[in-house]
Amino acid sequence: MYRSSASSRFILGYLLGFLTFAITTGMLYVLRDYLDTPLIALLFLLPVGINTAFWGLGPGILSALSAFLGFNYFFIKPYYTLAVHQSSDLIVLIVFLVVAVVISQLVARAQAGLAAATTREREATKLYELSAALAGVQDDQAIVRIVATEALQTFTAEQVQVTVTPAKSQEWQLILPVEAMAITRNPEWTIPLQTARGMLGEIRLWRADATLEPAEERLLHTFASQGAMALERAWLTQTETRAKVLEESDHLKSALLSSVSHELRSPLATIKASITSLRSGNVQWKSSAREDLLATVDDETDHLNRLVGNLLDMSRIESGALKPQRQWNLIVEIIGGVISRMRKATEGHQLIVDVPEDLPLVPVDYVQMEQVFDNLISNSLKYAPPNTMIRISANKQDEGMLLVTVSNQGPPVPQEHLDRIFDKFYRVTDADRVTGTGLGLSICKGIIAAHGGRIWAENLPYGFAFNFTIPLTLDGTPPHTLPVDSETI
């Protein structure tokens with residue numbers, strides 16, 4: 001089909017070239033008595049240039065030879081013969097033939113140069129479009145779809161099939177257009193998707209014209225090369241991402257193991273020493289030393305229990321399994337219960353609880369909210385100087401939220417660290433002096449977020465504060481207002 005069409009164009013070019021010459025000869029023949037010989041020679045060069053420009057070098061040369069013969073036959077005396085009696089006429093004919101041939105060749109070269117420039121421009125445009133479409137794409141399926149779509153449009157193909165063979169995955173393929181019927185014949189073109197690392201797949205192309213121009217074939221190979229490099233880049237990026245995730249996970253595990261090991265060792269050592277003293281027989285059964293040792297064991301056991309609880313809660317938060325059992329509770333009762341359990345730890349500080357009497361019930365998970373206050377107060381105790389005040393306040397906001405603030409007179413935190421203070425294992429100041437796993441504030445953030453609230457930290461003129469908000473509605477039900485007495489502890 002392609003050869004037949006090329007032959008038809010070839011024959012049509014010669015026929016039209018000869019027709020142009022015939023029309024020009026007829027028009028000049030009518031005006032022969034009114035035009036001189038040099039002007040006729042110049043006018044005969046027009047069909048030579050036109051035919052070369054439109055139909056190529058072959059029809060141009062044919063027009064040049066036809067014009068030479070027609071000029072001699074119809075316009076050089078004696079007419080209607082190829083004989084030339086005047087030497088000047090012979091010179092004119094020779095010059096005319098040389099000029100006609102040169103013009104046809106120059107025009108043909110110009111046309112060839114223009115065609116080559118147009119082809120290069122088209123190649124550059126198509127490659128730019130492909131590169132722009134592939135830039136930044138990291139999904140291999142998206143890359144294959146882009147390459148297949150561009151190939152289908154660029155090469156006017158009946159169907160394009162791109163097959164991808166990942167190194168450690170099952171082979172898969174994409175066929176465009178999707179709604180096209182399956183073609184039973186073999187593809188006219190099969191181009192491998194290959195890089196320095198090996199074969200990644202191939203592009204199969206079906207088209208009515210089985211033959212591609214050299215420029216089209218070169219462009220198809222470039223498409224395959226660009227697609228292969230994009231696939232390789234995407235796979236390498238995915239591998240790098242997985243490696244970074246594994247490295248970060250290993251780093252977090254190491255940090256957690258180091259922190260937990262240190263945290264477990266201190267209370268276990270204290271418990272071990274206390275038990276050893278109790279069993280030694282040197283401590284009287286009804287002495288104050290015995291009570292102190294038992295209190296120490298009790299406190300350190302609570303410490304261990306909180307540590308293990310924090311680890312479990314962090315695991316639930318990261319897996320999305322933390323589901324608060326929200327019920328109506330008095331926030332002042334939750335705060336009072338936490339402070340009662342922490343009475344010994346807070347002996348060196350003054351705790352102030354400021355809760356309005358008309359504060360409504362709050363829909364929260366009692367146990368989880370206790371843990372939030374426990375972690376925030378514990379953090380304040382770690383960093384606030386001795387004999388300073390820790391203040392806990394709660395107020396209803398107009399937008400149906402409860403604002404809780406736990407403030408202390410500890411050192412300020414640099415502004416650039418405020419947003420990261422709730423990250424796992426993150427400490428800003430006195431990291432070598434203050435004990436802990438660095439999970440408490442992260443757990444607070446996860447619990448508050450699970451309640452539909454927000455938590456943040458801020459510096460105050462007199463110290464530092466943690467703030468968090470939680471909704472006052474439960475499934476659209478507004479809270480019940482109950483009188484609650486303000487407490488100062």
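The values are calculated or read from the model by the stated rules, or taken from the named source; none is laboratory data. Predicted model only: the values in this text are computed from it and were never measured. No Cβ is skipped: glycine too gets one built from the backbone with ideal geometry, and neighbour counts run over all protein chains shown. These area figures cover heavy atoms from the full protein model, side chains too; ligands, DNA and RNA do not enter into them. Shrake-Rupley method; radii C 1.70, N 1.55, O 1.52, S 1.80 Å.
Solvent-accessible area per residue for region 332-415 at a 1.4 Å probe radius, Å²?
Result: 43 Å² per residue.
Mean projection of the alpha-carbon convex hull of region 148-215 over all orientations, in nm²?
5.5
Loop only per DSSP, at most 16 neighbouring Cβ atoms within 10 Å: give me the trypsin sites (Lys or Arg not before Pro) in region 132-237, ordered by residue number.
Lys168, Arg185, Arg197
Ignoring ligands, DNA and RNA, what accessible area per residue does region 122-215 give at 1.4 Å, in Å²?
Per residue, region 122-215 has 56 Å² of solvent-accessible surface.
Along each of the three principal axes of the Cα atoms of region 354-395, give the extent in whole Å, ordering the values from largest to smallest.
Extents along the principal axes: 34, 22, 10 Å.
Show Ser442, Ser378 ordered by accessible area, largest first, where the area counts protein heavy atoms only and the probe is 1.4 Å.
Final ranking, largest accessible area leading: Ser378, Ser442.
Is there a pair in Lys244/Lys382; Lys272/Lys445; Lys344/Lys382; Lys286/Lys344; Lys244/Lys323 whose C-alpha atoms are over 24 Å apart, and which pairs would that be?
Check vs 24 Å cut-off fails for Lys244/Lys382; Lys272/Lys445; Lys244/Lys323.
Quantify, in whole percent, the carbon and sulfur part of the accessible surface of region 140-218 (1.4 Å probe; protein heavy atoms only).
That fraction is 50 percent.
Assuming R0 = 56 Å, can you tell me the calculated FRET efficiency for the pair Ala124 and Asp33, based on Cβ-Cβ distance, to the nearest 0.05?
Calculated value: 0.50.
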